[in-house]
1. Could you name the aspartates and glutamates in cross-link range of Lys4, using Cα to Cα under 14 Å and dropping any fewer than eight places away on the same chain?
2. Be a star and scan region 225-256 for residues whose amide nitrogen sits under 16 Å from the point 7 Å along the Cα-to-Cβ vector of Glu161.
3. Only bridges whose two residues both fall in the chain count here: according to DSSP, what percent of them are antiparallel, nearest 5?
4. Name the lysines eligible as straight-distance cross-link partners of Lys361: C-alpha to C-alpha under 16 Å, and not fewer than 8 places from it in the same chain.
5. With each pseudo-label sitting 7 Å past Cα toward Cβ, what's the Gln47-Ser95 distance in nm, one decimal?
6. Grab the Cα-Cα distance for Phe114 and Asp128, subtract it from 0.36 nm times how many residues apart they are, and report the gain in nm with one decimal.
7. Assuming 0.36 nm per residue, please report the length gained on full extension of the stretch Glu232 to Ser209 beyond their Cα-Cα distance.
8. Taking the Cα centre as origin and putting +1 on Lys and Arg beta-carbons and -1 on Asp and Glu beta-carbons, what dipole magnitude results for the chain, to the nearest 20 debye?
Amino acid sequence: MGEKLQVGVLFGGRSGEHAVSLRSARSVLAALDPEKYELTQIGITRQGAWLVGPPGVDVLEALPRADAGGLDRAFISPDRTFPGLHRISDPNGNSVVSLLSRLDVVFPVLHGTFGEDGTIQGLLELSDLAYVGSGVLGSALAMDKGVFKDVMQANQVPVLESLVVLRSEIEAGLESIIQRAEALAPYPLFTKPANLGSSVGITKCRGRSDLLEGLMDAAQYDRRILIERGIEGREIEVSVLGNDDPQASVPGEIVPYGDFYTYESKYHEARSRLVIPAPIPLEQAELVRELAVRAYSLIDCAGMARVDFLMDKGSGEVFLNEINTIPGFTDISMYSKLWEATGMPYPSLCDRLIELALERKSERDQTVREYVRSESEGV
């Protein structure tokens, strides 16, 4: 057998979805074959400290502890001439930096801000490392729901009407925002942080008092807040896998317990259901698969993404809701369950994502980074 691939699994992070990340990382670590991969756990605390452990220490288990005792600080250098994951140990009060792993591939399992929004991808690009998932552009565009909708509208992909307001506008006065929101569409309206997932900070607003509360809640989590027309809709999701030639899974439907798929119904209640395949007509199934791949390619996604749709219960009209470039990734999450139903079990899915990361890195390496003029071009 050849040498094992050095894989760093990166989890936690400074996001409202920190706890979700830990769940996803546990499943990824359990699925990756230790005969193929040398795994290094890299945990990021809610405060932003990067931590690694000595051999045999489960960083994932230790990270939630307040003191995270027994773990050392670590960093991935943005300097490609100083590559890899480095440990900062502190023997006798003197900080010592040492190489822990050269890292052939980084597997980010970071949901939300500072992980799914292009920031960690920028670091990994500077470090010249292969990594699972979309690059800076695809990650950033998918993460900001307002800009994402603008790109979809410009390319004739159906989305619900919406507007974006700033936290500073809310702080300056709500009256004009309320007028703009009520001119957008009749109630119900939805308020959402533009850059977050897992339904954190989302409110269904049935009237003006709900709208006021929803705006204030969403503004806790982002400086940009999306206000969107609400519909009585079915929640249809498609998993996409690939780089330049992405493939779509069978669609699934989420039947939430309650008005919509809240954080609690995703992670703390067992009464919401995942229905795979979605019980929708064949032509609608093909439409959402086609739109999912199209949207994925439009914003230059890579590796994986879950594409979420709303289907009007009355008319059957389909609206693209959002793309999650690092979706919930436990073995019972919708992304992996859809691929399992399409014929790819969870461990094979993790293997394929690592292959796609290496493929994307190989393609990046073909790009010329320096321009040298020939003598015929003159001075």
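The values are calculated or read from the model by the stated rules, or taken from the named source; none is laboratory data. The model shown is predicted, which means the values in this text are computed figures rather than measured ones. With ideal geometry, Cβ positions are generated from the backbone for all residues, glycine too; neighbour counts draw on all protein chains shown. For the accessible areas, the whole protein counts, side chains as well, though only heavy atoms, and no ligand, DNA or RNA atoms are used. Shrake-Rupley method; radii C 1.70, N 1.55, O 1.52, S 1.80 Å.
1. Excluding near neighbours in sequence, the set is Asp33, Glu35, Glu38, Asp104, Asp351, Glu355.
2. Taking a point 7 Å out along Cα→Cβ of Glu161, the residues of region 225-256 whose backbone N falls under 16 Å are 227-232.
3. Looking only at bridges with both residues in the chain, the antiparallel portion is about 75 percent.
4. Leaving aside lysines fewer than 8 places away in the same chain, none come within reach of Lys361.
5. Label-label distance for Gln47 and Ser95, simple model: 1.5 nm.
6. 3.2 nm
7. Value of the extension gain: 6.2 nm.
8. The dipole of the chain has a size of about 620 debye.
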